[in-house]
1. Look at Leu146 and say whether it is touching a Lys or Arg at 6+ places or on another chain (Cβ under 7 Å) and among the aliphatic types (A, V, I, L, M).
2. Being in contact with a helix residue (DSSP H, G or I) (Cβ under 9 Å, 6 or more places away or on another chain), at negative phi and either assigned to a strand (DSSP E or B) or of a type outside the set (Val, Ile, Thr) (or both): is that true of Asp124 here?
3. Taking Lys90, is it among the basic types (Lys, Arg), assigned to a loop (DSSP other than H, G, I, E, B) and more than 30 Å from Gly54 (Cβ to Cβ)?
4. Going by what's in this entry, would Glu168 be described as of a type outside the set (S, T, N, Q), part of a strand (DSSP E or B) and at positive phi?
5. Among the residues of the range 84-103, write down those that are buried (at least 18 other Cβ atoms within 10 Å of the Cβ), within 13 Å of Tyr123 (Cα to Cα) and among the hydrophobic types (A, V, I, L, M, F, W, C).
6. Go through the range 119-138 and count every residue that is surrounded by 17 or more Cβ atoms within 10 Å (Cβ to Cβ), under 30 Å from Asn49 (Cβ atoms) and either in contact with an Asp or Glu (Cβ under 8 Å, 6 or more places away or on another chain) or not β-branched (Val, Ile, Thr) (or both).
Amino acid sequence: MERPKYLQFFNRVSVLILLLLILIPVSACGQFSARILKVDSLQNQLVVNVPDNGSPIIKQMNYPIFKLREADIDNSGKNAFILGVIKRTKFDTTHCKRINIWKVENNAIVPLWLGSKMSHPLYDFELKKDNAVQTICTIENEKDGLYLIAQYKWHSFGLKFIRYIKREITLDIAYHTLQNEL
């Protein structure tokens, strides 16, 4: 007996990191947002499930993905996919960590913002709510092997710097602050 095609697909990509998420209504009207189905870090793919589409949408990235988060970053009522990527850009030819933001529109994964740099070289990031506004808190490399934590929010087109939360701290203190104090 032949297995269904979707099972064959999952068997072929058994090395994937699977992020199985439950569809959650984003409004009282019962509208659903697209949800991440999985990230294939070996093939640099983002696979998104759109409830009304019936089949996943696959976006092939031409660079490594080191982190993935999901939130309504632009307050549109639909989740965006906040990716930590390692790539170079047109204006910065150095391969380094950057934040890219993607959304599903018309059954396609499209860029919302392809950031080039933060205030300092990016090390890591997390999403945090600040007075009901979704923000991105970053750990960035600072001088002398120390780190800082900065906070950004969506502003028209792209991320706007809000403030430095802590500066000239160790990486352990930066992660502790990000996970426990914000």
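Any read-out appearing in this document is the output of simple, stated calculations on the displayed coordinates, not a laboratory observation. Remember, predicted model here, so these are calculated numbers, not experimental data. Counting neighbours? That spans all protein chains shown, and the Cβs are built from the backbone with ideal geometry, glycine included.
1. Details: touching a Lys or Arg at 6+ places or on another chain (Cβ under 7 Å): no; among the aliphatic types (A, V, I, L, M): yes.
No, not satisfied.
2. Values: in contact with a helix residue (DSSP H, G or I) (Cβ under 9 Å, 6 or more places away or on another chain): yes; at negative phi: yes; either assigned to a strand (DSSP E or B) or of a type outside the set (Val, Ile, Thr) (or both): yes.
Here the answer is yes, as Asp124 does meet what is asked.
3. Details: among the basic types (Lys, Arg): yes; assigned to a loop (DSSP other than H, G, I, E, B): yes; more than 30 Å from Gly54 (Cβ to Cβ): yes.
So Lys90 passes the test.
4. On the way: of a type outside the set (S, T, N, Q): yes; part of a strand (DSSP E or B): yes; at positive phi: yes.
When the stated conditions are applied, Glu168 passes them.
5. Initial filter on the range 84-103 (buried (at least 18 other Cβ atoms within 10 Å of the Cβ)): 84-85, 87, 97-103.
Filter once more, keeping what is within 13 Å of Tyr123 (Cα to Cα): 84-85, 97-99.
The answer is Val85, Ile99.
6. If we filter the range 119-138 for residues that are surrounded by 17 or more Cβ atoms within 10 Å (Cβ to Cβ), which is where we start, we get 120, 122-126, 134-138.
Still in the running and under 30 Å from Asn49 (Cβ atoms): 122, 124-126, 134-138.
Checking the rest, the ones that are also either in contact with an Asp or Glu (Cβ under 8 Å, 6 or more places away or on another chain) or not β-branched (Val, Ile, Thr) (or both) come to 122, 124-126, 134, 136-138.
Residues in the range 119-138 being surrounded by 17 or more Cβ atoms within 10 Å (Cβ to Cβ), under 30 Å from Asn49 (Cβ atoms) and either in contact with an Asp or Glu (Cβ under 8 Å, 6 or more places away or on another chain) or not β-branched (Val, Ile, Thr) (or both): 8 in total.
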